[in-house]
Amino acid sequence: MSFTLQELSRIAQAELRGDPERIITRVATLQDADEGAISFLANRRYKAFLRDTRASAVILSAEDAAVCPVDCLVADNPYLAHARVMAALYPDAAPVVGIHPTAHVDPSARVASSAQVGPNCHLGADVVIDEDVVVGPGSVLLDHVFVGAGSRLVASVTLCAGTRLGKRCLIHPGAVIGSDGFGMANDEGAWVKVPQIGRALLGDDVEIGSCSSVDCGAIGDTVIADGVKIDSQVHVAHNVQIGRHSAIAGCAAIAGSSRIGEYCTIAGAAGVTGHVELTDKVHISGMTSVTRSIREPGVYTGTVPPMEHSAWLKNFARLRQLDDMVRRIRALEKELAALRERDDAHG
């Protein structure tokens, strides 16, 4: 694919400064770019590479454009503009429409004529595949699964019974959606499985990373709303609800029946315990352990080393009193300083 800078400026919704007819064929880093390549600057750490770049053009902010030695596209959000340019220069390959001869499709399944079902796939009873869906090789869709128009299962994706995907979802290799949640009842030390009879429901434009799992509901449903983005190796337990346009980074885990609001972010390896609620626009830092509901938007960070539980409870109770203790210590220090001054004054 190739575009002129004028065409890319419209795609990126950015201001063009330079030759509108310059041809761009690829994207490269500031360090590695040469003629025909476009790069971008969104992280200040890489500004040192801008001065010597040999790119044909750079996507950057108005502030950085003043020192850019080549043509540029100026955007308020350079990374977003870069994403739009990348999508134009590197579009997904057109699917090969039809059902591969090695795929097993139950007679009751319905596959749209514009869909692709790849090699060694399995489609169970009453599966519905909508228009322009791609079911990549080795994927398994069990009974009563629905996949909305334009969605893509890259390869080796498992959608368990009753799972529903909205439109334009992207599911990466090894992801499992709708598997049983961890429901166990204790019978005098032995574990008895509790049947999981809910579903996993995904909205439109949801992305699930490789080897991530989204459990079905225990009785109700697990719900992932429109625009949610989930990274690789993330676990979403049964009956979790995640609000629109939230994003969850790799190796995070959300325990059962928790509710995540809209426009939240959960960074890598963070954990959210069960039955808690995060309001909208809550941002959880990496490795943070969320053990209570968060009612106010903001950034939250915290982790402590493991210890015996009763000791942890005592220490945390003291930690909550830390501000008051600091104030009292400062007051005592002032009193001691005043006493020293008085003693010095009296010799």
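The values are calculated or read from the model by the stated rules, or taken from the named source; none is laboratory data. Just so it is clear, the model here is predicted, and its values are computed rather than measured. Cβ atoms come from the backbone with ideal geometry, glycine included; neighbour counts cover every protein chain shown. Accessible surface areas use protein heavy atoms only, side chains included; no ligands, DNA or RNA. Shrake-Rupley method; radii C 1.70, N 1.55, O 1.52, S 1.80 Å.
May I ask you to rank THR29, THR53 by accessible area, largest first, using a 1.4 Å probe over the protein chains only?
Sorted by accessible area, descending: THR29, THR53.
By a straight-distance test (C-alpha under 25 Å), which lysines pair with LYS229 as possible cross-link partners, with residues fewer than eight away in the same chain excluded?
LYS167, LYS281
Report MET1's accessible area, 1.4 Å probe, all protein chains in place, as a number in Å² to the nearest 10.
Its heavy atoms expose roughly 130 Å² to the probe.
Taking Cα atoms of the stretch 50-121, Rg/Rh with Kirkwood Rh, to two decimals?
Looking at the stretch 50-121, the ratio lands at 1.37.
Rounded to whole Hz and in sequence order, give me ³J(HN,Hα) for the stretch 35-41 from the Karplus expression 6.51 cos²θ - 1.76 cosθ + 1.60, θ = phi - 60°, writing x for Gly and Pro.
4, x, 9, 10, 10, 8, 10
Along the stretch 141-150, what does the Karplus equation 6.51 cos²θ - 1.76 cosθ + 1.60 (θ = phi - 60°) give for ³J(HN,Hα), rounded to whole Hz, x for Gly and Pro?
3J(HN,Hα) across the stretch 141-150, in whole Hz: 10, 7, 4, 6, 7, 10, 10, x, 4, x.
Excluding residues fewer than 8 places away in the same chain, name every one of the aspartates and glutamates whose C-alpha is closer than 13 Å to that of LYS47.
GLU63, ASP64
What whole-number distance in Å separates the alpha-carbon centres of the stretch 269-303 and the stretch 3-33?
Distance between centres, Cα-based: 40 Å.
Taking the simple approach of a point 7 Å from Cα along Cα-to-Cβ for both ALA317 and ASN77, what is their distance in nm?
Between ALA317 and ASN77, the simple spin-label model gives 4.7 nm.
Could you derive backbone 3J(HN,Hα) for the stretch 112-129 from the dihedral phi with the Karplus parameters 6.51, -1.76 and 1.60 (θ = phi - 60°), listing whole Hz in sequence and x where the residue is Gly or Pro?
Ordered by residue, 3J(HN,Hα) equals 4, 5, 8, 8, 10, 10, x, x, 6, 8, 10, 10, x, 5, 6, 5, 10, 10 Hz.
Can you tell me the order of 112-122, 263-273 when each peptide is scored by its average per-residue count of other Cβ atoms within 10 angstrom, highest first?
Order by mean packing, descending: 263-273, 112-122.
Skip the ligands, DNA and RNA, and give the accessible area per residue of the chain with a 1.4 Å probe, whole Å².
Here the residues of the chain average 55 Å² of exposed surface.
At SER113 and VAL326, where each label point lies 7 Å from the Cα along Cα→Cβ, what is the point-to-point distance in nanometres?
Distance between label points: 7.0 nm.
Once amide H atoms are built 1.01 Å from N in the peptide plane, which residues 5 or more positions from GLY98, or in another chain, come under 5 Å H to H?
Correct list: ALA115, GLN116, VAL117.
On the protein heavy atoms, probe 1.4 angstrom, tell me the percent of accessible surface of the stretch 1-57 carried by carbon and sulfur.
46
At a Förster radius of 35 Å, what calculated FRET efficiency corresponds to the Cβ-Cβ distance of ALA185 and THR303, to the nearest 0.05?
Calculated value: 0.65.
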